[in-house]
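J.: The structure under discussion is supplied below as structure tokens; questions concerning it will follow.
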Amino acid sequence: MTKRLAMVLGLVALAVALVAASAQAGHKTHKVTEVTVAGWSSGGDEDNLLQQVINVFNKTHPSVHATLQIINTNYGDAMTARFAAHNPPDVFYVDSYVAGAWEKQKVLQPLNGYIKKSHYNTKKFYPKLLGAFMHGKTIYGFPKDWSPLATETNNGLFAKAGIRKAPKTWAQLKSDAKTLQQHGVAHPICLSPDWARMLAFIYQNGGSIKNVQSKASAQAVNFYVGLLKSGLAATSSQLGDGWCGQALGDGHSAIIFEGNWLLPYMKSTYPNVKYGVSPMVKGKVRGNLAFTVSYSMSTFTKNKQAAWTLLSWLEGKKGERLWMSKGLALSPRSDVKTIGGRAPFLASAPYSHGWGFGNPNFNAAYTVMSNDITAVIKGDKTVQQMLADVAAALKGQ
Amino acid sequence: MMATSATGAAPARLGFRSTMVGARLREAGWGYGFALVPIAVFGLFFIYPFIYAVYISFFHWGILGKQAGGHGTFNYSKVLHDPIFHTALKTIAEYTVVVVPLELALGLSLALLINQQIRGRNFFRSAFYFPSIASSVAITTIALYIFAANGLFNQIIGGNKAWFADADTVLWSIVGLNAWTTSGTVMLFYLAALQTIPNDVYEAAAVDGTGAWRTFWRITFPLLKPAHFFCLVVFGIGALKLFDQAFIASNGTGGPNYATTTPIFYIYNEAFHNYDFGVAAAAGVIYFVIIFFLTVVQRLTVGRQEAA
């Protein structure tokens with residue numbers, strides 16, 4: 001009886017041990033690495049699409065599980081606090097205007113080692129967009145999408161003034177504005193008191209952020225501010241609107257310079273207003289700005305390989321195709337098509353400069369830019385003073 | 001017997017004394033125990049960060065801590081020579097000088113109104129206090145809509161000025177907004193003070209045939225001196241800490257044309273836009289010294305009169 005009991009107990013123990021061992025073995029073969037990916041909310045549609053993209057990644061990559069975190073508060077401040085606590089997400093959005101500063105603060109992981117190891121093809125990204133996330137030859141992120149500026153025109157006001165085509169040059173812009181003014185549009189152009197619009201004109205005149213105090217830059221600023229001072233243009237607040245998109249929809253102005261984000265706004269807010277989208281006006285040369293955001297990796301991530309697997313997939317052909325599937329954004333890759341109606345935007349990819357320009361002091365300098373441009377428009381500061389202030393701020397002085 | 005009683009009384013007295021000492025010790029222990037918790041919280045969240053801020057103000061300090069470049073008073077020098085910091089000080093001085101008297105005047109007026117035996121007194125008290133407990137972010141956002149170029153305010157007056165987007169009007173718009181939102185709290189302090197004034201003095205004034213206006217200026221206003229001092233210090237310091245309304249109105253730029261750049265905004269900007277926490281800490285220490293000095297001056301002037 002005792003012998004039989006001992007045998008039964010022995011067999012049970014053996015079975016338990018075998019089950020435990022097999023479970024352990026199974027666990028080893030299916031080890032899943034958790035990674036977090038974070039970004040800000042850009043509305044319900046975009047959040048849902050991003051979750052769908054992450055779900056596809058999780059399905060196709062059983063060894064890595066990505067969890068999406070949407071940061072609804074002030075993204076830059078929230079991320080700064082997480083960096084300071086050495087606890088940021090593994091992969092996250094980086095706006096190009098802050099990329100240089102975060103690179104300098106050493107919170108972004110250089111990706112060159114992973115690119116080399118996995119033979120990742122970076123040539124499919126538009127070089128100027130990728131350049132916004134590079135310092136020298138070091139890559140700190142890949143652009144996930146982007147938007148340049150374009151010239152948008154109110155068809156009704158143009159027809160009333162007998163103008164058939166959108167202006168293509170600065171000279172046409174001025175002459176069209178004068179014609180529109182003669183036909184009752186008090187301020188035909190809506191211009192934002194913002195370097196995020198004016199810098200496009202600086203590039204069109206042969207200036208740049210690197211030679212911001214040059215004659216070409218000063219001429220472009222004078223042209224831009226001159227349009228406002230002459231009354232051919234007005235700011236959205238002068239027109240009684242929240243932003244220039246609203247001014248276009250309300251018919252308070254006939255010409256504006258906005259990005260891809262205007263299209264869903266017009267569709268939802270002014271579905272009956274007919275408007276045209278044309279490439280950005282041209283000065284001496286073509287010039288535009290690219291507002292872009294990257295996926296980058298944290299220097300603190302403990303699961304760097306898994307984070308790279310996620311990042312490279314999101315930025316790869318498959319990930320980008322999914323991301324572009326609803327036409328919410330423009331593709332940063334030449335081998336992934338953007339859904340229709342965005343040709344005037346896409347045309348400017350070769351000459352669009354990534355907003356932020358890789359300058360580590362750009363985030364701080366933008367505060368100076370925003371304040372000084374209003375002072376120049378108001379006449380409290382000269383153009384030369386503003387350009388000197390901005391040049392100093394860009395140098396971190 | 002006597003001896004017995006004498007020898008018996010001594011241990012009894014000793015026992016009583018030791019019981020008293022024990023009770024006092026226990027009482028002190030409980031007292032210190034209860035005080036320890038808030039002191040620990042105060043130390044952890046106020047004293048320690050302050051000392052730490054003073055420490056980092058002597059270094060180049062980025063997001064991840066100390067950076068190369070030595071140590072010294074260079075951050076203080078940078079702040080003291082920065083024209084934007086000077087502008088911020090000028091802006092906050094103008095703001096405080098206007099907003100505090102306005103808040104006090106409005107709060108006192110409301111308190112005087114509520115202190116009357118009027119119908120619906122409780123409703124008015126709650127209604128006047130409501131803006132004080134509402135989120136300043138929500139109130140500022142609503143104000144931005146109301147005072148926008150095409151907002152309700154302009155539709156009423158027939159104008160088209162964007163009150164919060166114009167460098168000439170933005171600060172005064174914030175003054176108006178904050179005077180309104182803070183007046184409810186001021187009202188409560190004044191109401192409490194008004195209710196401590198004995199009726200006898202008013203009865204004596206009435207017997208003498210003193211009018212309402214004279215009664216207010218000669219009796220009520222002087223007897224509210226402790227409340228004046230308290231409100232001046234508390235709301236004065238509150239005004240000097242202006243940040244959220246300025247941040248929201250300027251969309252985080254401190255503009256237009258630095259019109260909403262306050263010292264606290266300057267500190268925020270240095271820390272979260274420039275990532276120069278050393279400069280931000282130095283600006284914080286300098287501003288602390290300024291506020292401390294102003295409070296001491298206030299104490300020595302208005303406070304001394306109040307004590308007298």
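J.: What residue, among those in the stretch A:319-344 that are over 16 Å from A:Glu46 (Cα atoms) and touching a Phe, Trp or Tyr at 6+ places or on another chain (Cβ under 9 Å), is surrounded by the most Cβ atoms within 10 Å (Cβ to Cβ)? Working first, answer last.
T.: So in the stretch A:319-344, the residues over 16 Å from A:Glu46 (Cα atoms) come out as A:332-337, A:340-344.
Remaining after also requiring touching a Phe, Trp or Tyr at 6+ places or on another chain (Cβ under 9 Å): A:332-334, A:336.
Values: A:Pro332: 27, A:Arg333: 25, A:Ser334: 13, A:Val336: 18.
Going through the qualifying residues, I end up with A:Pro332.
J.: Tell me, which residue of the stretch A:374-397 that is over 20 Å from A:Ser96 (Cα atoms) and of a type in the set (Gly, Ala, Ser) is surrounded by the most Cβ atoms within 10 Å (Cβ to Cβ)? Full working, then the answer.
T.: Taking the stretch A:374-397 and keeping what is over 20 Å from A:Ser96 (Cα atoms), we get A:374-389, A:392, A:397.
Remaining after also requiring of a type in the set (Gly, Ala, Ser): A:375, A:379, A:388, A:392.
On the way: A:Ala375: 21, A:Gly379: 9, A:Ala388: 15, A:Ala392: 14.
Within the stretch A:374-397, the match that is surrounded by the most Cβ atoms within 10 Å (Cβ to Cβ) is A:Ala375.
J.: Still on this structure: Yes or no: the stretch B:226-244 includes at least one residue that is within 14 Å of another protein chain (Cβ to nearest Cβ), part of a helix (DSSP H, G or I) and either among the charged types (D, E, K, R) or in contact (Cβ under 8 Å) with a residue 24 or more places away in the chain (or both). Outline the logic, then answer.
T.: Start the filter on the stretch B:226-244 by keeping residues that are within 14 Å of another protein chain (Cβ to nearest Cβ), which leaves B:243-244.
Now restrict to residues that are part of a helix (DSSP H, G or I): B:244.
Narrowing the set further to residues that are either among the charged types (D, E, K, R) or in contact (Cβ under 8 Å) with a residue 24 or more places away in the chain (or both) leaves B:244.
Looking through the stretch B:226-244, at least one residue is within 14 Å of another protein chain (Cβ to nearest Cβ), part of a helix (DSSP H, G or I) and either among the charged types (D, E, K, R) or in contact (Cβ under 8 Å) with a residue 24 or more places away in the chain (or both).
J.: Additional query: Name every residue in the stretch B:249-270 that is in a helix (DSSP H, G or I) and within 30 Å of B:Tyr145 (Cβ to Cβ), in order of residue number. Walk me through it before giving the result.
T.: Applying the first criterion (in a helix (DSSP H, G or I)) to the stretch B:249-270 yields B:249, B:263-270.
If the condition is that a residue be in a helix (DSSP H, G or I) and within 30 Å of B:Tyr145 (Cβ to Cβ), then B:Ala249, B:Pro263, B:Ile264, B:Phe265, B:Tyr266, B:Ile267, B:Tyr268, B:Asn269 are the ones that fit.
J.: Of all residues in the stretch B:57-82, which are hydrophobic (A, V, I, L, M, F, W, C), buried (at least 18 other Cβ atoms within 10 Å of the Cβ) and closer than 11 Å to B:Phe277 by Cβ?
T.: Once the filter is applied, which keeps residues that are hydrophobic (A, V, I, L, M, F, W, C), buried (at least 18 other Cβ atoms within 10 Å of the Cβ) and closer than 11 Å to B:Phe277 by Cβ, the stretch B:57-82 yields B:Phe59, B:Trp61, B:Ile63.
J.: Before we move on, is A:Thr73 of a type in the set (S, T, N, Q), crowded, with 19+ Cβ neighbours inside 10 Å, without any contact (Cβ under 8 Å) to a residue 12 or more places away in the chain and within 14 Å of chain B (Cβ to nearest Cβ)?
T.: Values: of a type in the set (S, T, N, Q): yes; crowded, with 19+ Cβ neighbours inside 10 Å: no; without any contact (Cβ under 8 Å) to a residue 12 or more places away in the chain: yes; within 14 Å of chain B (Cβ to nearest Cβ): yes.
No.
J.: Can you find a residue in the stretch B:112-131 that is without any contact (Cβ under 8 Å) to a residue 40 or more places away in the chain and within 16 Å of B:Ser173 (Cβ to Cβ)?
T.: no
J.: Give me the residue from the stretch B:253-275 that is without any contact (Cβ under 8 Å) to a residue 40 or more places away in the chain and more than 7 Å from every other protein chain (Cβ to nearest Cβ) and, out of that set, farthest from B:Leu89 (Cα to Cα).
T.: My answer is B:Ala271.
J.: Would it be correct to say that B:Phe247 is within 12 Å of chain A (Cβ to nearest Cβ), surrounded by fewer than 24 Cβ atoms within 10 Å (Cβ to Cβ), out of contact with any His (no Cβ under 9 Å at 6 or more places or on another chain) and not hydroxyl-bearing (Ser, Thr, Tyr)? Write out each step before concluding.
T.: On the way: within 12 Å of chain A (Cβ to nearest Cβ): yes; surrounded by fewer than 24 Cβ atoms within 10 Å (Cβ to Cβ): yes; out of contact with any His (no Cβ under 9 Å at 6 or more places or on another chain): yes; not hydroxyl-bearing (Ser, Thr, Tyr): yes.
Taking the combined requirement at face value, the residue satisfies it.
J.: Now a separate question. Restricting attention to the stretch B:106-126, which residues are under 12 Å from B:Thr185 (Cα atoms) and surrounded by 13 or more Cβ atoms within 10 Å (Cβ to Cβ)? Full working, then the answer.
T.: So in the stretch B:106-126, the residues under 12 Å from B:Thr185 (Cα atoms) come out as B:106-108, B:110-111, B:125-126.
Once the filter is applied, which keeps residues that are under 12 Å from B:Thr185 (Cα atoms) and surrounded by 13 or more Cβ atoms within 10 Å (Cβ to Cβ), the stretch B:106-126 yields B:Leu106, B:Gly107, B:Leu108, B:Leu110, B:Ala111, B:Arg125.
Residue-wise test of (1) exposed (fewer than 14 other Cβ atoms within 10 Å of the Cβ); (2) among the β-branched types (Val, Ile, Thr).
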site: B:Ala192; (1), (2): yes, no
site: B:Gln195; (1), (2): yes, no
site: B:Pro198; (1), (2): yes, no
site: B:Thr210; (1), (2): no, yes
site: B:Arg214; (1), (2): yes, no
site: B:Trp217; (1), (2): yes, no
site: B:Ala227; (1), (2): no, no
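J.: I would also like to ask the following. Would you mind stating whether A:Ala349 is under 15 Å from the mean Cα position of the chain (by Cα) and assigned by TED's automatic domain parsing to the domain that holds A:Lys59?
T.: Working: under 15 Å from the mean Cα position of the chain (by Cα): yes; assigned by TED's automatic domain parsing to the domain that holds A:Lys59: no.
No.
J.: Same structure, new question: Might you let me know whether the stretch A:336-358 holds any residue that is of a type in the set (Val, Ile, Thr), in contact with a helix residue (DSSP H, G or I) (Cβ under 6 Å, 6 or more places away or on another chain), modelled with pLDDT of 95 or more and not in a strand (DSSP E or B)?
T.: Within the stretch A:336-358, none of the residues are of a type in the set (Val, Ile, Thr), in contact with a helix residue (DSSP H, G or I) (Cβ under 6 Å, 6 or more places away or on another chain), modelled with pLDDT of 95 or more and not in a strand (DSSP E or B).
Residues checked against (1) away from chain B (no Cβ under 13 Å); (2) surrounded by fewer than 18 Cβ atoms within 10 Å (Cβ to Cβ); (3) of a type in the set (A, V, I, L, M):
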residue: A:Ser208; (1), (2), (3): yes, yes, no
residue: A:Asn211; (1), (2), (3): yes, yes, no
residue: A:Gln219; (1), (2), (3): yes, no, no
residue: A:Phe223; (1), (2), (3): yes, no, no
residue: A:Gly226; (1), (2), (3): yes, yes, no
residue: A:Lys229; (1), (2), (3): yes, yes, no
residue: A:Ala234; (1), (2), (3): no, no, yes
residue: A:Ala247; (1), (2), (3): no, no, yes
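J.: Out of the residues in the stretch A:76-115 that are charged (D, E, K, R) and within 11 Å of chain B (Cβ to nearest Cβ), state the one that is farthest from A:Tyr140 (Cα to Cα).
T.: From the stretch A:76-115, those charged (D, E, K, R) are A:77, A:82, A:90, A:95, A:103-104, A:106; that's our starting set.
Next, from what is left, pick out any that are within 11 Å of chain B (Cβ to nearest Cβ): A:77, A:82, A:104, A:106.
Values: A:Asp77: 20, A:Arg82: 18, A:Lys104: 11, A:Lys106: 10 Å.
Per the stated criteria, the residue is A:Asp77.
J.: Assess whether B:Phe85 counts as being in contact with a Pro (Cβ under 9 Å, 6 or more places away or on another chain), surrounded by 13 or more Cβ atoms within 10 Å (Cβ to Cβ) and aromatic (Phe, Trp, Tyr).
T.: Details: in contact with a Pro (Cβ under 9 Å, 6 or more places away or on another chain): yes; surrounded by 13 or more Cβ atoms within 10 Å (Cβ to Cβ): yes; aromatic (Phe, Trp, Tyr): yes.
In short, yes.
J.: Of a type in the set (Phe, Trp, Tyr) and either within 14 Å of another protein chain (Cβ to nearest Cβ) or not in a helix (DSSP H, G or I) (or both), is that true of B:Tyr287? Can you show your working first?
T.: On the way: of a type in the set (Phe, Trp, Tyr): yes; either within 14 Å of another protein chain (Cβ to nearest Cβ) or not in a helix (DSSP H, G or I) (or both): no.
In short, no.
J.: Hey, can you tell me all the residues within the stretch B:110-150 that are under 26 Å from A:Leu239 (Cα atoms) and at pLDDT below 85?
T.: Listed by number, the residues that qualify are B:Ala149, B:Asn150.
J.: If you take the residues in the stretch A:358-373 that are of a type in the set (Ser, Thr, Tyr) and either more than 8 Å from chain B (Cβ to nearest Cβ) or in contact with a Phe, Trp or Tyr (Cβ under 9 Å, 6 or more places away or on another chain) (or both), which one is surrounded by the fewest Cβ atoms within 10 Å (Cβ to Cβ)?
T.: Pass one, the stretch A:358-373, residues of a type in the set (Ser, Thr, Tyr): A:366-367, A:370.
Subset that is either more than 8 Å from chain B (Cβ to nearest Cβ) or in contact with a Phe, Trp or Tyr (Cβ under 9 Å, 6 or more places away or on another chain) (or both): A:366, A:370.
Numbers: A:Tyr366: 24, A:Ser370: 22.
If we take residues in the stretch A:358-373 being of a type in the set (Ser, Thr, Tyr) and either more than 8 Å from chain B (Cβ to nearest Cβ) or in contact with a Phe, Trp or Tyr (Cβ under 9 Å, 6 or more places away or on another chain) (or both), then A:Ser370 is surrounded by the fewest Cβ atoms within 10 Å (Cβ to Cβ).
J.: Which ranges mark the helices (runs of 4 or more DSSP H) fully within the stretch B:72-167 that have 3 or more residues being under 25 Å from the mean Cα position of the chain (by Cα) and not small (Gly, Ala, Ser)?
T.: Output list reads B:83-114, B:121-133, B:136-146.
J.: Please tell me if A:Asn222 is touching a residue at least 60 places away in the same chain (Cβ under 8 Å) and either of a type in the set (Ser, Thr, Tyr) or more than 16 Å from A:Gln385 (Cβ to Cβ) (or both).
T.: Working: touching a residue at least 60 places away in the same chain (Cβ under 8 Å): yes; either of a type in the set (Ser, Thr, Tyr) or more than 16 Å from A:Gln385 (Cβ to Cβ) (or both): no.
Here the answer is no, as A:Asn222 does not meet what is asked.
J.: Identify all residues within the stretch A:288-313 that are buried (at least 21 other Cβ atoms within 10 Å of the Cβ) and either at pLDDT below 95 or part of a strand (DSSP E or B) (or both); write none if there are none.
T.: A:Asn288, A:Leu289, A:Ala290, A:Phe291, A:Thr292, A:Val293, A:Ser294, A:Tyr295, A:Ser296, A:Met297, A:Ser298
J.: Limited to the stretch A:166-178, what total is found for residues that are in contact (Cβ under 8 Å) with a residue 24 or more places away in the chain and under 20 Å from A:Gly287 (Cα atoms)? Spell out the reasoning first.
T.: Filtering the stretch A:166-178 down to residues in contact (Cβ under 8 Å) with a residue 24 or more places away in the chain leaves A:166-170, A:172-174, A:176-178.
Restricting the remaining residues to those that are under 20 Å from A:Gly287 (Cα atoms) gives A:166-170, A:172-174.
Residues meeting the conditions: 8.
J.: Scan the stretch B:57-73 for residues that are of a type in the set (Ser, Thr, Tyr) and within 12 Å of chain A (Cβ to nearest Cβ) and jot them down.
T.: Of all residues in the stretch B:57-73, those of a type in the set (Ser, Thr, Tyr) come to B:57, B:73.
Selection gives nothing.
The values are calculated or read from the model by the stated rules, or taken from the named source; none is laboratory data. Fair warning: this is a prediction, and the values are worked out from it, not measured in the lab. No Cβ is skipped: glycine too gets one built from the backbone with ideal geometry, and neighbour counts run over all protein chains shown.
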